[in-house]
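Notes follow the structure.
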Amino acid sequence: MAIKTTPLTDTQIKSLKATNKDKKYFDGGGLFLLVKSTGVKLWRFKYKKTISNKEILLSFGKYPEISLKQIRTLRDEV
């Protein structure tokens, strides 16, 4: 059974602070924001290929250079 994830908001993302470890914040559908210990916020998308069942991890870029709306559109296209 899949876990229900509450989608991220711009306000929530802007308020995220760096900690001493990298931390993932999930948006749903395999999309997450990785907040590095340096404070950099990076978009990542993880999915499985149907034929090979191999996990793929895509990197889309930094927030806010790529907005929440843009990243969700990219996720839906993949």
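Computed from the coordinates by the stated procedures, all read-outs in this text should not be read as laboratory data. These numbers were taken from a predicted model, which means no experiment stands behind them. Quick reminder, even Gly has a Cβ in these numbers, built from the backbone with ideal geometry, and neighbours come from all protein chains shown.
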The ³J(HN,Hα) series, computed from each phi in the range 9-22 with the Karplus coefficients 6.51, -1.76 and 1.60 at θ = phi - 60°, rounded to the nearest Hz and given as x for glycine or proline, is 10, 4, 4, 5, 4, 4, 7, 5, 10, 6, 10, 6, 10, 5
Straight-line reach from residue 14: which lysines fall under 19 Å, measuring Cα to Cα and dropping same-chain residues less than 8 apart?
23, 24, 36, 41, 62, 69
For the chain, the longest principal axis of the Cα atoms and the Cα long axis of helix 68-77 enclose an angle in degrees, to the nearest 10, of 10
Please name which of 37, 58, 15 has its Cα lying farthest along the dipole of the chain towards the positive end, using unit charges on Cβ (Lys, Arg +1; Asp, Glu -1) and the Cα centre as origin.
37
Hey, got the dipole for the chain? About the Cα centre, +1 on K and R Cβ, -1 on D and E Cβ, debye to the nearest 20?
240
